[in-house]
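S.K.: So that we are looking at the same thing, I have put the structure below in structure tokens.
The values are calculated or read from the model by the stated rules, or taken from the named source; none is laboratory data. From a predicted model like this one, the values you see are computed outputs, not experimental measurements. Virtual Cβ from ideal backbone geometry, glycine too; neighbours counted across all protein chains shown.
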């Protein structure tokens, strides 16, 4: 009976060691993959999330300002009297003929 318990204890220790080793291997692989992905992404001309959010916010503010200016322009145009179109006919001078 004592021998069986000892075999199970040894098997449990071996399994625990294997799990610890596999966990270490997993962390190493994750680190290597992360480094490789970062290396590949650094070759591309990509922006960070912070930069993207900043530009997105600037664009939203510019859009809102543009819409506000468009409304102000409409109000100003509406308050101005409508211009009447007048055309003046110009007297066209006839060229003098040259005497030879």
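S.K.: One residue is enough: does region 80-100 have a residue meeting the conditions assigned to a helix (DSSP H, G or I) and either modelled with pLDDT of 80 or more or in contact with a strand residue (DSSP E or B) (Cβ under 7 Å, 6 or more places away or on another chain) (or both)?
M.R.: No; the residues of region 80-100 include none that is assigned to a helix (DSSP H, G or I) and either modelled with pLDDT of 80 or more or in contact with a strand residue (DSSP E or B) (Cβ under 7 Å, 6 or more places away or on another chain) (or both).
S.K.: Identify, from the list 55, 47, the residue that is in a loop (DSSP other than H, G, I, E, B) and at pLDDT 80 or above.
M.R.: Sole residue among the options that is in a loop (DSSP other than H, G, I, E, B) and at pLDDT 80 or above: 47.
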